[in-house]
Structure formats: structure tokens, C-alpha cells
1. Answer rounded, prolate or oblate for segment A:108-197, using the Cα gyration tensor with square roots of eigenvalues a ≥ b ≥ c: rounded when a/c is under 1.5, else prolate when a/b is larger than b/c, else oblate.
2. Rounded, prolate or oblate: which one fits the protein assembly as shown, using the alpha carbon gyration tensor with axes a ≥ b ≥ c (rounded when a/c is under 1.5, else prolate when a/b beats b/c, else oblate)?
3. Quote to one decimal, in nm, the extra length available between A:ALA370 and A:GLU186 on full extension: 0.36 nm per residue of separation minus the C-alpha distance between them.
4. What is the sum of charges, Lys and Arg at +1 and Asp and Glu at -1, for the other residues whose Cβ falls under 12 Å from the Cβ of A:THR328?
5. Going by the alpha-carbon gyration tensor, a ≥ b ≥ c the square roots of its eigenvalues, is segment A:265-305 rounded (a/c under 1.5) or, if a/c is not under 1.5, prolate (a/b greater than b/c) versus oblate?
6. Let me cross-check A:CYS313: its accessible surface, 1.4 Å probe, with only protein heavy atoms counted, in Å² to the nearest 10?
7. What is the dipole size for the protein assembly as shown, taken about its Cα centre, with +1 at each Lys and Arg Cβ and -1 at each Asp and Glu Cβ, in debye to the nearest 20?
8. Using the Kyte-Doolittle scale, find the helices of chain A whose mean hydropathy is at least -1.0 and whose Cα atoms extend 18 Å or more along the helix's long axis, counting only whole DSSP H runs.
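The values are calculated or read from the model by the stated rules, or taken from the named source; none is laboratory data. Given the structure is predicted, the values throughout are model-derived calculations rather than measurements. Glycine also receives a Cβ, built like all others from the backbone with ideal geometry; neighbour counts cover every protein chain displayed. Ligands, DNA and RNA are excluded from the accessible area calculation, which covers all protein heavy atoms including side chains. Shrake-Rupley method; radii C 1.70, N 1.55, O 1.52, S 1.80 Å.
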Amino acid sequence: MTDVRLLTGGEAVAHAMRQIDPDVVPVYPITPQTPIIQTFAKLIADGEASTEIVNVESEHSAMSAAIGAALAGGRTMTATSSQGLALMAEVVYIAASMRAPIVMALGNRALSGPINIHCDHSDSMLIRDSGVVQLFAESAQDAYDLTVMAPRIAEDARVLLPVLVCLDGFTITHSAEPVSLLPDDEVARFVGPYRLRNAVLDTTRPTTQGPFAMPDYYFELRRQQAAALEAALDVLEEVAAEFELLSRRRVGALEAYRLEDATRAIVALGSTAGTVKDVVDELRDEHEAAGLLRLVSFRPFPSAAIAAALEGCASVAVLDRADSPGGTPPLHAELAAALYGSDLELAGHVYGLGGRELHPPDVREIFRGAAAPYVGLRGERCPV
Amino acid sequence: MAELSTWESLPIAGAVRPSGAPRTKTGGWRTGEKPAVDVSLCVNCLLCWLYCPDSAVTLSGETFTGFDLEYCKGCGICADVCPVAAIEMVPE
Ligand code: SF4
Ligand code: SF4
């Protein structure tokens with residue numbers, strides 16, 4: 001029986017949380033994440049989940065409590081956005097280094113300043129190198145699917161790292177769409193019981209967790225952590241294949257949309273992929289060989305799969321929803337590295353900062369190679 | 001010196017088990033004062049044991065016995081929380 005409901009992305013994540021029924025959720029509210037935890041708290045109050053919510057005094061504390069709960073043996077989830085993630089960042093690095101498999105929803109929102117509440121990916125990029133998995137949803141359905149998959153990836157013995165499900169603030173968190181939910185018992189079976197293979201806090205088998213590491217061990221422990229993040233790529237595909245058997249939906253590291261014979265392609269993260277898909281369809285009707293490569297997994301970065309997917313393209317435009325002042329924006333830099341040595345033409349564009357809309361005509365301009373480096377910025381002129 | 005582990009052979013996240021950890025004595029960090037107890041006053045509430053940040057209050061079963069000066073830092077918290085003033089900080 002399919003259970004299709006009209007849900008916002010935030011509500012869809014809350015329903016995935018209800019079905020996963022984690023043991024502990026330490027959380028602090030922040031726009032645009034708040035509807036996730038608000039909906040989830042109501043579901044608990046209505047007796048539909050048994051999670052213990054810990055009302056902490058800040059996001060720094062939320063992640064600290066999450067590490068304690070996860071390593072003590074409780075399945076742990078949380079959620080945040082923007083400044084909340086910035087305040088939490090110190091502890092996000094520690095969660096990754098302590099290999100705590102925490103699942104966190106990130107309602108992507110621009111970092112201050114100026115203060116803003118709308119979407120861009122600067123918050124995700126702030127913790128790019130923290131060692132956590134970052135998966136970007138395109139829609140409310142995607143946010144639900146990725147949240148159900150996330151504990152399996154986080155808790156896999158080869159990974160044991162925090163997994164972030166990133167959903168564009170407002171565009172996904174607050175927009176209602178039909179979302180197909182799996183039956184509760186199927187989700188419970190899919191995620192299974194929480195069994196941590198790395199040492200948990202256990203008075204009969206005491207351990208020191210998160211020990212001090214001097215120059216003789218720090219480097220080794222960082223390498224161990226990097227290997228775990230690399231391994232997450234295979235685990236993601238395995239979990240995606242298993243999830244597809246249940247849902248008939250496949251959300252892997254990337255999605256190639258009408259890319260097989262495309263000569264021009266756009267690479268993008270998040271909800272913008274939906275807009276690009278519409279434009280690709282229009283261009284295809286006009287006999288233009290346009291395609292989209294949507295990246296779901298930004299960390300780990302699926303370089304080899306990206307290079308293979310874009311092999312036949314003559315030109316590729318990469319869309320960054322975050323800038324890197326004084327340098328190359330993050331996705332552009334990754335793409336340039338992944339495609340190094342190929343002779344396709346790579347153009348980078350920054351768009352959508354602080355919630356600035358990207359319209360279909362902008363996407364057409366990008367496909368035509370006629371867009372400025374900053375798309376949608378007033379006063380910006382195309383260099384050609 | 002023991003051979004150092006490679007990244008692949010280290011326990012996940014470098015978690016340390018007591019068997020593998022050197023039991024370094026840290027009482028030498030004490031800075032001049034140590035706790036002294038008048039056991040005849042002690043009512044065995046175990047608040048000192050609960051509050052000692054260095055687990056340096058010793059018990060026999062559930063009975064207060066004294067301090068492990070190989071770990072005590074002389075912070076004085078035990079003396080401060082003792083409800084019957086059985087603990088006094090004295091010069092080393
Ligand atoms: S002085 Fe401080 S460290 Fe020493 S026993 Fe008392 S509380 Fe513990
Ligand atoms: S706090 Fe004072 S009364 Fe209580 S156990 Fe310690 S020494 Fe005894």
C-alpha cells in the first residue's frame with residue numbers, strides 16, 4: 001500500500017524520524033530547520049514515536065549531547081541550519097573524529113552576514129572538511145528517502161561517521177509536495193537495531209573515547225577518518241540499491257538526467273536540479289543536446305563517477321550556491337580536479353546566494369554559455 | 001620503545017582500553033595542599049567521592065576510606081562539599 005501525503009520537506013524528514021524512532025534527539029531550534037523538530041516533537045507528543053528529545057541551550061551543546069548519546073549506544077539524530085551549524089562546527093569535527101554515527105538534517109541557509117534566513121549552501125561548505133557525509137536532496141521526497149537511508153550509511157562498520165541530509169531552506173523545508181512514505185514496519189526493518197561496533201560507553205568494558213593524540217598518532221587517526229569517508233561511497237550505493245528494492249526509487253551518489261548523448265551539461269546540488277531538469281526538457285524539445293548531472297553526495301565526492309558521466313560532453317557549467325571569496329567556489333574546484341586532463345570546457349557560476357531565485361531563462365543562458373560568472377546578480381555582465 | 005601502530009591497525013577513533021594505557025601518576029601536579037580527614041566526624045555521605053574531579057577519594061565497598069594521593073590534585077573540592085567539615089586542606 002502506498003501512503004502518499006502532502007508534506008513539506010521538513011515534515012517529510014520528521015516522518016522519516018518518526019519511523020526510524022531514534023533513541024535520542026538533542027536539538028536547538030533555528031529557521032528553516034524548526035519545522036522538522038516541531039513536527040517531530042508533535043509526533044512524539046501524539047505517541048507516534050518514543051524518542052527522548054533533549055532541549056539543549058545551543059547547537060554546540062546539541063552536537064555534544066549527540067556524541068555522548070550515540071557513543072553510549074543510542075541511535076541519535078538532530079537538525080540545524082546556518083548559524084546553528086556555525087556554532088556547532090567545532091563539535092561536528094569532534095563527532096566525525098570520534099566516529100559517532102549521528103544523522104543530522106541540515107536546512108540549508110545562508111551564513112551571516114548580512115543576516116539572512118534563505119537558502120544557499122554556505123553553511124554546508126563551512127564544514128566541508130569536517131569529515132562528515134553530506135547528501136543533498138532535490139525534493140521533499142528525496143529528503144525523506146535520504147533520511148531513511150542515512151542511519152544505514154552512518155552506522156555501517158566501514159563508515160561510522162555523521163551523515164548530513166541537506167535540504168534547501170524554504171524551497172524544500174517549507175514547500176509542500178506529494179511524498180510517498182514507506183510502511184512503518186518496512187522502515188523499522190530497513191534501519192534495523194542500533195548496534196555499534198566501535199567501543200561504546202560500557203562500565204563493564206571501560207574505554208577512553210576521544211583521547212588526546214600527539215604528533216605520533218594524530219596523523220594516523222586523521223587518515224583512518226578519511227578512509228572511512230571514502231568507504232562511504234560504496235556503502236551509499238549498496239544502501240541505495242537496497243532502498244530501491246523497497247521504494248522503487250534510486251537515490252545514489254549522483255543522478256544523470258538526459259545525459260547519455262548530451263554535449264552540454266550543468267552540474268548542480270539540491271533543489272536547483274529541479275529547475276534545470278525543466279529547462280533540459282524544453283531544450284530537448286528544441287533538439288538541443290542538453291543534460292544535467294545532479295550531485296547527491298558532495299562528501300564523499302564521487303570524482304570517478306562524475307568524470308565517467310560527463311565523458312561525452314563538450315562543455316560543462318557547474319553551479320555553486322556558495323562563494324569562496326578570493327578563491328574558486330567549492331563545487332567548481334572539485335569539478336576541475338575531477339575532470340583534470342579532460343578537454344571539455346568547464347565554466348563556473350555562482351548563483352542563488354541568500355535565497356536569490358534562479359529562473360529558467362537564467363538556466364538557458366548558462367546552457368548557451370552566455371551567463372556571467374555571478375548569475376542573477378544585478379549589474380553583472382557576461383564577459384563574452 | 002614499542003612499535004607504533006599504523007592507521008589501519010589502530011582501534012576505531014583511537015579509543016583506548018585500560019589494559020593498553022600507561023597508568024601515569026598525576027599526584028605530582030598538586031600545588032602545595034592536600035586533603036586530610038578526621039574519620040571520626042565522617043558520616044559516609046560520599047559527597048567527596050561524588051565531587052572529586054580526579055576520582056581520588058577511595059572507598060572500601062561503599063565506605064569512605066581516604067584519598068589516593070598519587071592522583072589527588074589538591075583542588076579542595078572535597079573539603080568544600082563535606083557537610084560535616086571532616087576534611088581539611090593541609091600543607092604538604
Ligand atoms: S583535593 Fe580535590 S583532587 Fe584531592 S581528593 Fe579532594 S576533591 Fe579530589
Ligand atoms: S564528604 Fe565528608 S562526610 Fe561525606 S564521605 Fe566525604 S569525608 Fe565523609
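1. Working: a/c = 3.58, a/b = 1.34, b/c = 2.68.
Note, shape of segment A:108-197 comes out oblate.
2. prolate
3. Working: separation 184, 0.36 × 184 = 66.24 nm, distance 4.83 nm.
Answer, rounded to one decimal: 61.4 nm.
4. Details: positive: none; negative: A:ASP320, A:ASP323, A:GLU334.
Charge balance near A:THR328 sits at -3.
5. Values: a/c = 5.12, a/b = 1.99, b/c = 2.58.
Since a/c reaches 1.5 but b/c is at least a/b, the shape of segment A:265-305 is classed as oblate.
6. Only protein atoms counted, so the area is about 10 Å².
7. Details: 36 positive and 62 negative charges, 113 e Å.
Charge dipole of the protein assembly as shown: 540 debye, to the nearest 20.
8. Working: long enough: A:59-72 (19 Å, 0.88); A:82-97 (22 Å, 1.21); A:140-155 (23 Å, -0.03); A:218-247 (42 Å, 0.23); A:272-285 (20 Å, -0.43).
Helices passing the filter in chain A: A:59-72, A:82-97, A:140-155, A:218-247, A:272-285.
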